1. Short version: ³J(HN,Hα) in whole Hz for each residue of segment 55-61, in order, from phi by Karplus 6.51 cos²θ - 1.76 cosθ + 1.60 (θ = phi - 60°), x for Gly and Pro, what are they?
2. Using Cα springs under 10 Å in a Gaussian network model of the chain, which residue among Thr31, Thr72, Thr16 shows the largest mean-square fluctuation?
3. Keeping the other protein chains in place, figure out the carbon and sulfur percent of the accessible area of the chain, with a 1.4 Å probe.
4. Out of all DSSP beta bridges in the chain, what portion is antiparallel? Express it as a percent rounded to 5.
5. What Kirkwood Rh does the chain have if only Cα atoms enter the pairwise 1/r average? Answer in Å.
6. Mind giving me the FRET efficiency for Arg21 and Arg66? R0 is 25 Å, r the Cβ-Cβ distance, nearest 0.05 is fine.
7. Provide the per residue accessible area, probe 1.4 Å, for the chain, rounded to a whole number of square angstrom.
Amino acid sequence: LYKILFSAVPGNRASTQDSTRSISLYSYNSTRAIAHEMGHVIGFSDHYYTVWNQNECSYTISGDERDLMSITHTGTVTEEEWKDLEEGLK
């Protein structure tokens, strides 16, 4: 079981801490952000990746805007994630 910790502090990002088995949520976290954190609880990892940006000579973090575990404000549960969930229930 995980405990859910709520805080009225606006602007912080939701997060999951496996070591303490807790999910930290803050005011103004979207339902998608909460769903993303619940995805961690059921075993999904973040789907971010690092991309070299030649114009800025630096690496940037990027993701797939269709994937909830990548970009929470636009993503949804992918077909692959649904299949993983179904397999886990068998």
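1. 5, 9, 6, 7, 8, 10, 8
2. Looking only at Thr31, Thr72, Thr16, the largest GNM fluctuation is found for Thr31.
3. Within the chain, the accessible surface is 54 percent carbon and sulfur.
4. 60 percent
5. 14.5 Å
6. 0.25
7. 75 Å²
The values are calculated or read from the model by the stated rules, or taken from the named source; none is laboratory data. All values derive from a computational prediction rather than experimental measurement. Note: ideal-geometry Cβ built from the backbone for every residue, glycine included; neighbour counts use all protein chains shown. The protein model used for the area step is the full one, side chains on, heavy atoms only, and it has no ligands, DNA or RNA in it. Shrake-Rupley method; radii C 1.70, N 1.55, O 1.52, S 1.80 Å.
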